[in-house]
Every structure is written in structure tokens, then in C-alpha cells.
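Note sheet for the following structure.
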Amino acid sequence: VDTIPAAGFSVFAEHRDYYHPDIAGTCAKHGWTFSSRVHLLNGSDSAVIRELAGLCSGPSRGFDAEPAEWYRDWLTENSILVLPGENGPAGYCCVGRYADVVWIRRLAVDTVYQGRGFGALLLAQALLYGLQSGAARGFLHVDRSNQTAISLYEKYGFAVRDGSGERIMKRKGRQIP
């Protein structure tokens, strides 16, 4: 990283890995149960998937909106939790389970609904989903500049794993993953 500025590259974003060692303990501690407000998205709901793509962009650098096909592909092996709002989705969370780990791939709340606890509700539902699917631990990564999200994740038991993560580079205005 120290030598790449000479080649015209700069760090655009840095995402850090966060792990949760005991999702069952956190769910029990907070008395979380499944919410009837949050539902699983089905693959035929393409109009909602396109709306969800626009929610990805925002405070997390490097997480640009994905095309609708990305969400359809995600749904072939994973799930998307959706929290409806007044005129479309208020937020969503892409969640999958690998071995005994629930992976929270994307968690986004429309800016209109931020500050109302919707992110915490989606996080709780994602951990419950993982627990029900056989996961014991959790994983996610977040842009280190997104302090609101980091505070939420740390409040509910996630901790940064030092030395792990991803840097997204830009060169002359182009993003290089």
C-alpha cells in the first residue's frame, strides 16, 4: 500500500472484517424473536430487487448499487430479509450461512428511515436467521468510515479482527476492487 501512490493508485475505501463468536448468546441476551415486519424476499419479486439495489449506495464507500441480477443470483443459495416501508422497502439484509457462520453480506436502510432502529431490527433478524439455519457465529465487513454501522455491530457483539479486511483502490478515477 505504501508504494502504490507512485503508480497513480490511492486507497478509496477500507473495509474491515468483524466477527461475532456467539450469536445464540446475543439473541438470548436481547430476547430477540422473529418479527412479522420482516419477510424473506422471493426470487420472483424483481421489482423490489431493483429498488433494493439503490439502497446499497451511501455511507459505505465501495458498496455501489448492484444490478438486479446480482440479487437474483444471491437468492439462488442465500436469502434477503426485507423490512417494508411506506412506499417500498425501508431496508434489507443479504444473509447467507456457510458452515457454522452466518454471513451478513449487505445491510442497508433507506436514508428516509435511518435513526428509527431499522438497522438493529434487520441485524437481529439476520442473526436469528443464522441461528435457525445452524450458525453459531457471525461475520460481516464494513467500511471503517461508517461509524454508525460499526457502533451498531459492536453494540450487538461483533468485534473487528485486526489485520483482516479489504482495500478498494482507485486509479485515475477508476475503481479497482
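The values are calculated or read from the model by the stated rules, or taken from the named source; none is laboratory data. What you are looking at is a predicted structure, and each value in this text was computed from that prediction instead of being measured. All Cβ positions, glycine included, derive from the backbone under ideal geometry; neighbour counts span all protein chains shown. Calculation scope for accessible area: heavy atoms of the full protein, side chains included, ligands and nucleic acids excluded. Shrake-Rupley method; radii C 1.70, N 1.55, O 1.52, S 1.80 Å.
So which residues in segment 108-127 are among the hydrophobic types (A, V, I, L, M, F, W, C) and more than 15 Å from Val82 (Cβ to Cβ)?
Matches in segment 108-127: Val112, Ala120, Leu127.
So how many residues does segment 75-87 have that are crowded, with 17+ Cβ neighbours inside 10 Å and either in a strand (DSSP E or B) or of a type in the set (Gly, Ala, Ser) (or both)?
Residues in segment 75-87 being crowded, with 17+ Cβ neighbours inside 10 Å and either in a strand (DSSP E or B) or of a type in the set (Gly, Ala, Ser) (or both): 5 in total.
Going through Ile23, Ile49 one at a time, which residue ends up being open to solvent by less than 30 Å² (accessible area, probe 1.4 Å) and at pLDDT 95 or above?
Of the residues listed, the single one that is open to solvent by less than 30 Å² (accessible area, probe 1.4 Å) and at pLDDT 95 or above is Ile23.
Return the pairs, sorted by first residue and then second, in which the second residue is of a type in the set (Gly, Ala, Ser) and modelled with pLDDT of 65 or more, the first residue lies in segment 1-28 and is more than 16 Å from Leu152 (Cα to Cα) and part of a strand (DSSP E or B), the beta carbons are less than 9 Å apart, and the residues are 6+ apart or on different chains.
Note: pairs meeting the criteria are Ala13/Ser145; Glu14/Ser145.
Leu152 fails exactly one of the following numbered conditions: (1) modelled with pLDDT of 85 or more; (2) touching a Gly at 6+ places or on another chain (Cβ under 9 Å); (3) surrounded by fewer than 15 Cβ atoms within 10 Å (Cβ to Cβ). What is the number of that condition?
For Leu152, the failing item is (3).
Quick one: Ile80 ticks every box in (1) at pLDDT 95 or above; (2) of a type in the set (Val, Ile, Thr); (3) under 18 Å from His39 (Cβ atoms) bar one, so which box is it?
Evaluating Ile80 over (1) at pLDDT 95 or above; (2) of a type in the set (Val, Ile, Thr); (3) under 18 Å from His39 (Cβ atoms) leaves (1) as the failure.
Go over the candidates Ala65, Ala108, Ala90 one by one and state the one that is modelled with pLDDT under 90, in contact with a Pro (Cβ under 7 Å, 6 or more places away or on another chain), small (Gly, Ala, Ser) and not in a helix (DSSP H, G or I).
Just one listed residue meets the conditions, Ala90.
Taking the options Arg97, Arg72, name whichever one is assigned to a strand (DSSP E or B), surrounded by 14 or more Cβ atoms within 10 Å (Cβ to Cβ), more than 13 Å from the chain's Cα centre (by Cα) and at pLDDT 70 or above.
Checking each option against the conditions leaves just Arg97.
One residue is enough: does segment 28-42 have a residue meeting the conditions at pLDDT below 85, surrounded by fewer than 16 Cβ atoms within 10 Å (Cβ to Cβ) and at negative phi?
Within segment 28-42, one or more residues are at pLDDT below 85, surrounded by fewer than 16 Cβ atoms within 10 Å (Cβ to Cβ) and at negative phi.
Pull up segment 121-141, narrow it to residues that are hydrophobic (A, V, I, L, M, F, W, C) and more than 21 Å from Pro89 (Cβ to Cβ), then point me to the one that is most open to solvent (accessible area, probe 1.4 Å).
Leu131
Just the residues that are more than 15 Å from Ile150 (Cα to Cα), open to solvent by 30 Å² or more (accessible area, probe 1.4 Å) and of a type outside the set (Ser, Thr, Tyr), please, taken from segment 102-120.
Those that are more than 15 Å from Ile150 (Cα to Cα), open to solvent by 30 Å² or more (accessible area, probe 1.4 Å) and of a type outside the set (Ser, Thr, Tyr): Trp103, Asp110, Val112, Arg116.
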